[in-house]
Amino acid sequence: MGNQAHRPPRRLILVKHGQPDIDPAAPPSTWLLSERGREAAIALAARLDTFDPVAIVSSTELKAFETALAMASLLGLPVGQDEGLCEQRNEVGGFKDQAVFEAQVEAMFREPHALVLGEETGEAARQRFADALDRQMAAHPDGTLIVVAHGRIISLWAAEVLGVEAMALWKRLGLANALVIPSDTDGFEIIA
């Protein structure tokens, strides 16, 4: 067993993707990262560099993957992908105005076992995400892991694991923001 004093602290950093180029006619999973989102991702990477990340893994959705690639360009890390890190499935519902969408998100958080938004319950999405995080944490057992994902799925997971109120976290976690969780999952910090 090596000298544990020189190992970086174990942390999990969950990053919400940057601002996408929204195309109301296309499914959200196909939206690309905007130039503004790319710039914000690089700026966030500079703030996260102090955590000495060892790997970046992203959702397979384009806006998340492109966020991860932008961060990796500054951090000098390769980017992996895991389909289990994708957002709660919502591809066929069509584009909604912000108030309607927020009401549906709130209902999904309130009733995670019911199908109230999209094609997947909140609980099914949370379990899929938790399984993917377990896989990625096992694949990267040392140091800080950055996972680039999505607001609803991060909030669903954090509500279960960290005991936070999902809707409040979802509203607080902005685009290209990071939820930094220490190894003991005792508390968290949001870095904007």
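The values are calculated or read from the model by the stated rules, or taken from the named source; none is laboratory data. Keep in mind it's a predicted model, so treat the numbers as computed, not measured. Please note: Cβ atoms are built from the backbone with ideal geometry, for glycine as well, and neighbour counts cover all protein chains shown. Side chains included, ligands, DNA and RNA excluded: accessible areas come from the protein's heavy atoms. Shrake-Rupley method; radii C 1.70, N 1.55, O 1.52, S 1.80 Å.
Residues in the stretch 166-185 that are of a type in the set (G, A, S) and touching a Lys or Arg at 6+ places or on another chain (Cβ under 9 Å): A166, G174, A176, A178, S183.
Taking the conditions exactly as written (polar (S, T, N, Q), at pLDDT below 95, open to solvent by less than 70 Å² (accessible area, probe 1.4 Å) and farther than 18 Å from G174 by Cβ), does T30 satisfy them or not?
It is true that T30 is polar (S, T, N, Q), at pLDDT below 95, open to solvent by less than 70 Å² (accessible area, probe 1.4 Å) and farther than 18 Å from G174 by Cβ.
With respect to (1) within 17 Å of L133 (Cβ to Cβ); (2) open to solvent by 30 Å² or more (accessible area, probe 1.4 Å); (3) more than 13 Å from the chain's Cα centre (by Cα), the lone exception for Q98 is condition (1). Scanning the stretch 26-45 for residues that are assigned to a loop (DSSP other than H, G, I, E, B) and in contact (Cβ under 8 Å) with a residue 40 or more places away in the chain yields a total of 1. For the stretch 50-76, filtered to residues that are part of a loop (DSSP other than H, G, I, E, B) and touching a residue at least 40 places away in the same chain (Cβ under 8 Å), the residue that is surrounded by the fewest Cβ atoms within 10 Å (Cβ to Cβ) is D52.
Would you check if E91 is at pLDDT 95 or above and among the acidic types (D, E)? So E91 does not fit the description; no. Within the stretch 171-192, residues that are without any contact (Cβ under 8 Å) to a residue 12 or more places away in the chain sit with their Cβ atoms under 6 Å from residues that are buried (at least 18 other Cβ atoms within 10 Å of the Cβ) and part of a strand (DSSP E or B), at 6+ positions apart or across chains, in these pairs: E189/V180. Kindly provide the set of residues from the stretch 73-98 that are closer than 23 Å to S183 by Cβ and among the aliphatic types (A, V, I, L, M), ordered by number. Result: L75, L77, V79, L85.
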